[in-house]
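Novice: I have a structure I would like to understand better, so I am pasting it below and will then ask my questions one at a time.
The values are calculated or read from the model by the stated rules, or taken from the named source; none is laboratory data. For clarity, every value in this text was computed on a predicted model and none was experimentally measured. Because the Cβ atoms are built from the backbone with ideal geometry, glycine has one as well, and the counts that use them run over all protein chains shown. Note: areas computed on protein heavy atoms with side chains; ligands, DNA, RNA excluded. Shrake-Rupley method; radii C 1.70, N 1.55, O 1.52, S 1.80 Å.
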Amino acid sequence: MTDRKTVLVTGGGNGIGRAIVMHFHGLGWRVVGLDTDEEALEELAAAIPRGDALFLPCDVGNEEMVADAFGKLEAWLEGNGLDLVVNNAGIADPYCGPLENLALEEWRRWLDASLTATFLVSRAAVPLLRRCAGAAIVNISSTRAVMSERESFAYAASKGGIDALTHAMAVSLGPEIRVNAIRPGWIETRDWQKASDREEPEHRPQDRDQHPAGRVGRPEDIAEGVEYFYRAGFTTGQHLNIDGGMTVKMIYEH
C-alpha cells in the first residue's frame, strides 16, 4: 500500500486536463490520465516517471473502453484506491450550427463525450474512491451551462446535464465522496497542447478587457480550483465559476 494520493483525469492529454495532471504531479500525487490522443499521452509518459503515472488511451464515452481502462487501473493500483477523479473530457468546440441542421448523431456525440463520459467514469470509479478517506469527484462543466452563446445547443445541454448530475451525485455519494463542479469561462489552452499542436497565445486588449480580472483564463486556474475542491472538506454539490468575472459583467452583442 502507498501513502501517496492518486488522481484520475479524463481528457488528460491536452489543455485543461494536461494542466491538472501536471499540477497534481507537482504536488507529489500519482496521476492517471485517460485520453483518445495517444501522441499526447506518450509525450506525458516520457515526462513523468513511470511509477508516478499511468496513461491509457480511452474514449470515456464508450462503456467497454471505460471498463477495460479501469481493469488496467485496478491492477496498477495494487489494492490502493483513488483519492480524486476529475471528469474533464469533452468536445472543446461548442458550435454546432443551426438547430434545424443538427443531426441526432452529432447531438449524441457531444453528450457522450461529456455527460455520458462523466456518468461512466464516475460509476466505475466509485468503488476505488470508497477506499480512500476524503475522496472527491470534480466535474468540469462550463459557464455555457448558465450563459448560452449562439448555436451551442448540444454543448450547453451536456454541460447543464453535468451541473445537475453533480448535485445528484453529491447527495447520493456523500458523506464518503464529495462531488463538485467547476464552470470554466474563456480558458486559453493553445500553450497546453502536445508539442505538435502547441502555439504561443496572443490576446487583443478587448479580449482582456471583457474580463473584470483583466486577463483571459489559464488552465492552471482550473487546476488550482480542482485542488481547492479536493481540500474543501465541507463543500459538496457546488458549482464554481472560474471565468475572470465574465458571468457578473453584462456584455452586449454588436
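Novice: Looking at (1) closer than 28 Å to D83 by Cα; (2) touching a Leu at 6+ places or on another chain (Cβ under 9 Å); (3) open to solvent by 20 Å² or more (accessible area, probe 1.4 Å), which is the only condition F153 fails?
Specialist: All conditions are met except number (1).
Novice: Has the range 180-199 got at least one residue that is in contact with a Phe, Trp or Tyr (Cβ under 8 Å, 6 or more places away or on another chain) and open to solvent by less than 40 Å² (accessible area, probe 1.4 Å)?
Specialist: There is at least one residue in the range 180-199 that is in contact with a Phe, Trp or Tyr (Cβ under 8 Å, 6 or more places away or on another chain) and open to solvent by less than 40 Å² (accessible area, probe 1.4 Å).
Novice: State whether the residues of the range 76-98 include one that is open to solvent by 20 Å² or more (accessible area, probe 1.4 Å), aliphatic (A, V, I, L, M) and either part of a helix (DSSP H, G or I) or farther than 23 Å from E220 by Cα (or both).
Specialist: no
Novice: If I go through the range 119-137 residue by residue, how many of them are buried (at least 16 other Cβ atoms within 10 Å of the Cβ) and touching a Gly at 6+ places or on another chain (Cβ under 8 Å)?
Specialist: To start, the set of residues in the range 119-137 that are buried (at least 16 other Cβ atoms within 10 Å of the Cβ) comprises 119-122, 124-126, 128-129, 132, 135-137.
After this cut, where a residue has to be touching a Gly at 6+ places or on another chain (Cβ under 8 Å) as well, the list is 120, 128-129, 132, 135.
Selection size over the range 119-137: 5.
Novice: Next question, about the same structure. For the range 39-61, check the following and say yes or no: at least one residue is open to solvent by 80 Å² or more (accessible area, probe 1.4 Å), more than 27 Å from M169 (Cβ to Cβ) and among the hydrophobic types (A, V, I, L, M, F, W, C).
Specialist: yes
Novice: While we're here: If I ask for residues that are assigned to a loop (DSSP other than H, G, I, E, B) and open to solvent by 30 Å² or more (accessible area, probe 1.4 Å), which ones from the range 15-36 would you list? Talk me through it step by step, then tell me what you get.
Specialist: Here is the first cut: in the range 15-36, the residues assigned to a loop (DSSP other than H, G, I, E, B) are 27-29, 36.
Matches in the range 15-36: L27, G28, T36.
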